[in-house]
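What follows is one structure encoded as C-alpha cells, with my remarks underneath.
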Amino acid sequence: MPFIDLQTNLPSGSFSEDFLKKFCSVTAAALGKPENRMNLVVSPGLPMLIGGSCSPCVVLTVSAISVTDTAEKNKEHSAKIFEFLTRELGLAEDRIVIQFHALQPHQVGKNRTVMSFL
C-alpha cells in the first residue's frame, strides 16, 4: 500500500484527473504494486524553494512496504518516476526531488487494524 505525496508550486490546473490516473499507473508499475493499492495526494500551489530558486519544482515523497528499502530499488524507481514527471510537467530534473521512506507493516493502518494482520 504505497503512499505518493507530490508537493509543488505548480498551479492546480497542471493536475487533471488524467494526470492523476497516469501518475498512479506509472508509480504502481515502478513499485511493482497493483494500482488499487496506491494512495496519491497532489498538493499544488505551495510556496516552495529548491536549490535556492522558487522556479517551478516538485518534492515527491514515496512511502511503501518492502519496495523502498534499498538504494538499488530506489534508483530504479527514481529513474521511472523522473521520466514521467519531467515529460508530463515539463520540469528539468534538477527541479524535482524524491524522498523514499521504507514502511513496516505495523506502521500502516487499514480496516480497523494494521497491514501486519491483513
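The values are calculated or read from the model by the stated rules, or taken from the named source; none is laboratory data. Treat the numbers as computed from the prediction; the structure is a model and nothing was measured. Note that each Cβ is placed from the backbone with ideal geometry, even for glycine, and that neighbours are counted across all protein chains shown. These area figures cover heavy atoms from the full protein model, side chains too; ligands, DNA and RNA do not enter into them. Shrake-Rupley method; radii C 1.70, N 1.55, O 1.52, S 1.80 Å.
Things worth noting here:
- Counting only alpha carbon atoms, the long axis of helix 71-89 and the longest principal axis of the chain meet at about 40°.
- Normalised contact order of the chain, rounded percent, pairs of Cα under 8 Å and 6 or more residues apart: 30 percent
- Among the listed pairs Lys75/Lys110; Lys33/Lys75; Lys33/Lys110, a Cα-Cα separation exceeding 20 Å is found for Lys75/Lys110.
- With every protein chain in place, the chain: carbon and sulfur % of accessible area (1.4 Å): 52 percent
- Rounded to 5, percent antiparallel among DSSP beta bridges of the chain: 40 percent
- Seen from Ile65, the other residues with C-beta closer than 15 Å to its C-beta sum to a net charge of +3, counting Lys and Arg as +1 and Asp and Glu as -1.
- Neighbour net charge for Asp18 - beta-carbon separation under 15 angstrom, K R +1, D E -1: 0
- Accessible area expressed per residue, the chain, with surrounding protein chains retained (probe 1.4 Å, Å²): 56 Å²
- Relative to the dominant Cα principal axis of the chain, helix 17-31 is inclined by about 60°.
- Percent of Cα pairs in the chain per distance bin of 5 Å, from zero to the largest separation: 2, 11, 21, 24, 18, 13, 7, 3, 1.
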